[in-house]
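What follows is a short report on a single structure.
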Amino acid sequence: MQAEVNRERAQTRKRLLPAKHKIQQLLVLVGLPKNRIYVLNGQGRNGSPFWALHPHQLLDILHDAHNSFRRRMKEVHPDRNGDHNKTAELTLAWRTIKRRFAAKGVTLC
């Protein structure tokens, strides 16, 4: 019984949020504006790697993402006549964001 539930959850995760999403795509999904995420190098031509940002900048982005996630959840929650699938997608995106930031040593207090 439990194995069947776990298999069903894994299939839902794969359907809602492919594993190959980049961190920037996940942050946009939870509601962070693109201009807050995509970073240009000093000359403004080529994008620099997201994880090359200073840890304080990454922490600010994580805080903003958390606030955006909470705001979006209030909008799409089933208790407010929202969509259950959208709620599940946002929750999964937020968990993935937290896990990826924690892997880089950036966590919320």
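The values are calculated or read from the model by the stated rules, or taken from the named source; none is laboratory data. Just so you know, these numbers come straight off a predicted model, no measurement behind them. Positions of Cβ are generated from backbone atoms using ideal geometry, with glycine treated the same way; all protein chains shown enter the neighbour counts.
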Next on the checklist: Among the residues of the stretch 34-42, are any closer than 26 Å to CYS109 by Cβ, charged (D, E, K, R) and modelled with pLDDT of 90 or more?
Outcome noted: no
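Being out of contact with any Pro (no Cβ under 9 Å at 6 or more places or on another chain) and either outside any helix (DSSP H, G or I) or modelled with pLDDT of 70 or more (or both): is that true of ARG13 here? Lay out the reasoning, then the answer.
Values: out of contact with any Pro (no Cβ under 9 Å at 6 or more places or on another chain): yes; either outside any helix (DSSP H, G or I) or modelled with pLDDT of 70 or more (or both): no.
It is false that ARG13 is out of contact with any Pro (no Cβ under 9 Å at 6 or more places or on another chain) and either outside any helix (DSSP H, G or I) or modelled with pLDDT of 70 or more (or both).
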Item to check | Near pairs, Cβ below 9 angstrom, 6+ apart or cross-chain, from the stretch 76-102 (free of Cβ contacts under 8 Å to residues at least 40 places away in the same chain) to any residue that is among the hydroxyl-bearing types (Ser, Thr, Tyr) | outcome: VAL76/THR87; HIS77/THR87; PRO78/THR87; LYS98/THR107
Checklist entry - Given the conditions (1) at pLDDT 90 or above; (2) surrounded by fewer than 18 Cβ atoms within 10 Å (Cβ to Cβ), and given that VAL28 satisfies all but one, which numbered condition is not satisfied? => result (2)
Checklist outcome for this item: Checked against (1) part of a helix (DSSP H, G or I); (2) at pLDDT below 95; (3) among the polar types (S, T, N, Q), THR107 satisfies every condition except (1)
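Here is a check on your reading of the model: is ALA88 at pLDDT 90 or above and part of a helix (DSSP H, G or I)?
On the way: at pLDDT 90 or above: no; part of a helix (DSSP H, G or I): yes.
Considered against the rule, which asks whether it is at pLDDT 90 or above and part of a helix (DSSP H, G or I), ALA88 comes out as no.
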